[in-house]
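Just below is one structure, and these are the notes that go with it.
The values are calculated or read from the model by the stated rules, or taken from the named source; none is laboratory data. Just so it is clear, the model here is predicted, and its values are computed rather than measured. Neighbour counts run over all protein chains shown; Cβ positions are idealised from the backbone, glycine included. Ligands, DNA and RNA are excluded from the accessible area calculation, which covers all protein heavy atoms including side chains. Shrake-Rupley method; radii C 1.70, N 1.55, O 1.52, S 1.80 Å.
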Amino acid sequence: MGEPRVLVVEDEVDIRRHVVRALEREGMTVDQAGDGEEGWNTFERELHPVVILDLRMPRRDGIELLRLIHNRRPETQVVILTGHGGKDDAIQALNLHAAAYLEKPPDIDALIEKVREGWAEYQERVGVPEVSLGATPEPPPDLEEVRRVLAGTRTMPKKEDE
């Protein structure tokens with residue numbers, strides 16, 4: 001299935017480093033940002049199927065960033081990670097299409113599970129086929145060859161293994 005590219009937007013340096021290291025140990029590619037503005041700029045530059053987002057940050061809060069992300073790429077799966085949230089924040093985040101809402105300090109196993117679930121949901125939404133590592137997809141048929149076959153002027157060659 002491959003691993004997702006994840007963006008971690010968290011202003012608390014120790015938590016951000018801990019989360020980034022854990023995801024990298026799982027084989028994921030991770031980008032990081034220390035505030036909401038940096039997070040938005042990073043999100044705009046690269047495709048991130050999954051974003052881990054703190055709610056309370058300088059220069060753009062998590063709710064604003066969640067709205068922007070959803071409006072720009074609604075298929076992106078956002079996992080909210082917060083130490084300051086309450087029931088109202090959770091409801092607001094989930095109403096804005098957050099995929100999950102976790103409290104700090106994060107249970108790393110639960111966070112990794114949410115990231116993997118988000119990646120699977122992203123793939124389902126955008127139609128990314130599951131690919132086995134090392135598998136080489138078969139090239140598409142030559143369009144002109146297909147047209148000749150359909151027109152009856154040529155027959156498709158058989159594959160050697162048929």
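Gain on full extension, evaluated as 0.36 nm per residue between ASP14 and ARG72 minus their Cα-Cα distance, stands at 18.0 nm. Residues within the reach of a label modelled at ALA120 (point 7 angstrom out along Cα to beta-carbon, backbone nitrogen below 13 Å), restricted to the stretch 35-77: there are none. Take 91-100, 57-66 and order them by the average number of nearby Cβ atoms within 10 Å per residue, most first; the result is 57-66, 91-100.
Extending 7 Å from the Cα toward the beta-carbon at both GLU64 and ARG25 defines two label points whose distance is 3.5 nm.
Rolling a 1.4 Å probe across all protein chains gives ARG5 an accessible area of roughly 80 Å².
Apply the a/c threshold of 1.5 to the C-alpha gyration tensor of the stretch 1-59 and tell me whether it is rounded, prolate or oblate. Oblate.
If you stretched the chain out fully between GLU37 and ALA110, how much longer would it get, using 0.36 nm times the residue separation minus the C-alpha to C-alpha distance? Write down the numbers at each step before the final one.
Details: separation 73, 0.36 × 73 = 26.28 nm, distance 2.68 nm.
Value of the extension gain: 23.6 nm.
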